[in-house]
Amino acid sequence: MSEHKVFVTRQLPPATLERLSAHCDLEVWEDFMPPPYEVILEKVSQLSGLVCLLTDRIDARLMDAGPSLKVISNMAVGFDNIDVAAASARGIPVGNTPDVLTETTADFAFALLMAVARRIPEAKQYIHEGKWRTWHPTVLSGQDIYGATLGIVGFGRIGRALSRRASGFNMRVLVDTLEPEAEVSEAGGEKVRLDELLRESDYVSLHVPLTEDTKHLISKDELAAMKPTAVLVNTARGGVVDPAALYEALRDGVILAAGLDVTEPEPIAPDDPLLTLDNCLVMPHIASASVATRRKMAEMAVDNVIAGLRGEPLPTCVNPEVR
Ligand code: DGY
């Protein structure tokens, strides 16, 4: 038996788990649903490594309950489920899974944009409800994508990948970012302030992490600043958008439509008012869900935990100041 015990909070591909099991005494949570917080809290007292998902809240209390915890590895690029400051204060490195999901997530953001703009889910419903009786000049008319203006909020890996897709559609790309203007122009975009981006864009796509600064970044005033024909796309984190304000804006025609891969809360309640709207397409947080990408994310999460057990720098670490 290894000196290191590792808990993985969900089933990962068997080959990936087998690789991990060569380095530790491995326990995997078998249920479809995440382990309750109390379960992780109890297990952590014995753990050297924890592989978790964005559905697991990993806070200071939990870290304090794990005196031998050497590494936390999140199978996601986002890490707002983890108190990273608390981990750093306790000398625990935290791993994430960037890069491998960039293109897959950008594909999905663009797919959402197109589906909502061209009203594909509504058109499917129209047929299923037996409403297709003839070709009609105005039925289910949507918005053009080619040549339109795309506003990208946040210009990290995924925001940039989205701008590459936009160039194939001859779109004008406006970017709200802290990155230098030269980097944005090099990527074919124009750096603008958020208020200008909201005013000018036909499509607004969100690519910022969820932090105290970005919580409800898009709320009533920001929605009111957008064009009445604008479409909002969110593949970042649900908390970046105020859901009550979005519901009212969509209901009252303040903006045209929204495509959301992420919601606040997750999962969205079946009776959430957003789900009553034809102009809101809600997906169950699947932007990175291609078979190949999810496999690579699992591999990276395992690479990070193995490095942490060995006391080596994690290949992808969100708090590299911890040594
Ligand atoms: C992430 O990795 O943060 C996504 O939200 C899920 O792939």
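The values are calculated or read from the model by the stated rules, or taken from the named source; none is laboratory data. Worth saying up front: this structure is predicted, and the values here are computed from it rather than measured. Because the Cβ atoms are built from the backbone with ideal geometry, glycine has one as well, and the counts that use them run over all protein chains shown.
Details
- Exclusive hit being away from the ligand (no atom under 16 Å from the Cβ) and on the phi > 0 side of the Ramachandran plot, set Arg133, Arg119, Arg90, Arg165: Arg119
- Any hit, the range 168-183, residues being over 28 Å from Pro209 (Cα atoms), in contact with a Lys or Arg (Cβ under 6 Å, 6 or more places away or on another chain) and aliphatic (A, V, I, L, M): no
- Filtering the range 300-315 to residues that are more than 15 Å from Cys52 (Cβ to Cβ) and of a type in the set (Val, Ile, Thr) leaves only Ile306.
- The helices (runs of 4 or more DSSP H) found entirely in the range 118-201 that carry 3 or more residues being in the same structural domain as Ala224 (by TED's automatic domain parsing), of a type in the set (A, V, I, L, M, F, W, C) and without any contact (Cβ under 8 Å) to a residue 60 or more places away in the chain are 120-128, 157-168, 194-200.
- Inclusion of Thr97 among residues that are part of a loop (DSSP other than H, G, I, E, B), within 16 Å of the ligand (Cβ to nearest atom) and either crowded, with 19+ Cβ neighbours inside 10 Å or among the polar types (S, T, N, Q) (or both) is warranted.
- Residue selected from the range 64-82 under the condition more than 16 Å from the ligand (Cβ to nearest atom) and outside any helix (DSSP H, G or I), by the criterion farthest from Gly308 (Cα to Cα): Ala65
- Residue match in the range 247-261 (condition: touching a helix residue (DSSP H, G or I) at 6+ places or on another chain (Cβ under 7 Å), in a helix (DSSP H, G or I) and surrounded by 20 or more Cβ atoms within 10 Å (Cβ to Cβ)): yes
- Scan of the range 1-26 for residues that are exposed (fewer than 14 other Cβ atoms within 10 Å of the Cβ), in contact with a strand residue (DSSP E or B) (Cβ under 6 Å, 6 or more places away or on another chain) and not in a loop (DSSP other than H, G, I, E, B), ordered by number: none
- Residue among Ala236, Ala225 that is within 15 Å of the ligand (Cβ to nearest atom) and of a type in the set (Gly, Ala, Ser): Ala236
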